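These notes concern the structure reproduced below.
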């Protein structure tokens, strides 16, 4: 028997959604300030209008649904799932008002692509977009990478009660510190330290290549937010190719890899546990998959003499592989080059890299290295079980921040989430084929959307079918939140209709 | 050592360790490129 949710449940959900919407209203002031600093009058009003809508909606929800009840797991999951959708609809308002999108759906696509740190773009004439709007595109990436709810907890929560349930819903199942508010603040501390470091590094390189100081550091901040949060947006249509600088690409590569590292590992390394960089199963698997998949891609690219020099292979082949593997989606190639120049084996290498992704509790998408490691350990455990006498007690250990024993529940969860990813990859690919795109390219774009990568082989354009746009939005949303809270949301709606 | 100095130096060393790992990835893959191209 399914229990129908009570009015109290709905009030709790909308009360917390109201709080998130108010927080978004405050965050919309930041690009308005950027507009003010760069003397862009019209964009300021776009952000003030969106902010006002957030405040009206947020205060209406919090006042009309005021409650003192604690959150249950179900509430936390539903708040996160709906919170991301509402953030998309509201965050898209200033982008739509910029007149750089052909429809509100395109603005929503761009916003979800930013929030989910995907990096697929539908904006028109990006090179002439105002700095305030451009900052907002990158800022939502910074926000979504760390997590909208994590941001709300870090800056607006006063007590940890209920916050952990929303924190977990946002695909962050590992707590760094005992208190979830402290955990959220640590995640933002790491991000801010690297934001300063990244903006300075990229700003200096931009100055060296001839950009004026105000643009150099603006671009530095934007590219850092997109690289560290493995998003992939850039202030220009040509993405990283615009800068034509090896040094710029090298620094961006470094921040993309940093973004793929678990926040827990940052904490361990920053608190003196330096051996963790050698022992951690995620780092071991990340190194192995980067090296082996790049070897595969490099062999295929060399076979067809696409990049004959070490310099071009590093700047095109290696950059694309790291961009795919970390889920960044930054590019030093035009989308059409993947279709016209890259051969199927190299594309398969990129698809595999995109689908694996980086570490859990990082800003990357995809199946993730820890799950891959757990599945691998599970396979070796089963092989040992077959080979040893029946009475043997087989214990499999692995190191992830501490010595851990492989449990069936871990294996089950890793397999389930991986299965959901694979199913979603195929659903997107099949719909792409239905609309007439080749299977390999459809799979490439579908994996790119679901694993929140953002590399494109040219399917994602403003002229693509609306159904495909909506599907990619859903894939980006589900992929970023790692499915579980989406299923809870679906279960909630079923219970509302069929429950007793 | 004062706790705050120790904390800051740990963070700086931690950041260097992370950049060391990135350097390892760069160099190893440069080696792969060199082997494959040559």
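Quick notes
- Per residue of peptide B:7-17, the mean number of Cβ atoms on other chains within 10 Å of the residue Cβ is 5.
- Cα shape, the stretch A:52-119, gyration tensor, a/c 1.5 rule: oblate
- Each part gets one Cα centre, and for the stretch A:396-448 versus the stretch A:227-281 those centres are 23 Å apart.
- Normalised by residue count, the stretch A:367-423 yields a Cα convex hull volume of 82 Å³ per residue.
- Grouping the Cα pair distances of the stretch A:196-282 into 10 Å bins from zero gives a pair-distance distribution of 18, 44, 23, 14, 1 percent in increasing distance order.
- Panel order for A:490, A:291, by other beta carbons found within 10 Å of each beta carbon, from fewest to most: A:490, A:291.
- q = 0.15 Å⁻¹: log10 I(q)/I(0) that the Debye formula gives for the stretch A:53-206, counting C-alpha atoms only: -0.91
- Gyration tensor analysis over the Cα atoms of the stretch A:17-74 returns equivalent ellipsoid semi-axes of 30, 11, 6 Å (largest first, whole Å).
- Cα pair distances of the stretch A:240-332 binned at 10 Å [whole percent]: 15, 41, 30, 12, 1
- Alpha-carbon centroids, the stretch A:24-77 and chain B: separation in whole Å: 39 Å
- Cα-derived Rg over Rh, computed across the stretch A:186-232 with Rh taken as Kirkwood radius: 1.02
- Relative contact order (%) - the stretch A:301-343, alpha-carbon pairs under 8 angstrom, separation at least six: 34 percent
- Taking max minus min of the alpha-carbon positions on each principal axis, the stretch A:308-366 gives extents of 37, 22, 17 Å, largest first.
- Normalised radius of gyration (Cα atoms, divided by 2.2 N^0.38 Å) for the protein assembly as shown: 0.95.
- Structural descriptor for the stretch A:3-159: relative contact order 26 percent, calculated from alpha carbon pairs under 8 angstrom and at least 6 residues apart.
- Within 10 Å of each Cβ in A:308-318, the average number of Cβ atoms from other chains: 3
- Percentage relative contact order, chain A, counting C-alpha pairs under 8 Å, at least six apart: 18 percent
- For the stretch A:373-500, the normalised intensity computed at q = 0.20 Å⁻¹ comes to -1.05 (log10 of I(q)/I(0), Debye sum over alpha carbons, equal scatterers, no solvent).
- Residue exposure sequence - A:255, A:45, A:164 - by fewest surrounding Cβ within 10 Å: A:45, A:164, A:255
- Among A:292, A:323, A:191, the order by Cβ neighbours within 10 angstrom, fewest to most, reads A:292, A:191, A:323.
- Where only C-alpha atoms are counted, convex hull volume of the stretch A:1-99 per residue in Å³: 99 Å³
- Each pair of Cα atoms in the stretch A:307-420 enters the Kirkwood radius, and Stokes-Einstein at 37 °C and 0.692 mPa s then converts it into a translational diffusion coefficient of 198 µm²/s.
- Translational D in µm²/s for the stretch A:452-500 (Stokes-Einstein at 4 °C, 1.567 mPa s, Kirkwood Rh from C-alpha pairs): 101 µm²/s
FYI, it's all coordinate maths here, none of it is from the lab. Bear in mind the structure is a predicted one, so any value in this text is a computation, not a measurement. Here the Cβ is made from the backbone with ideal geometry for all residues, glycine too, and neighbour counts use every protein chain on show.
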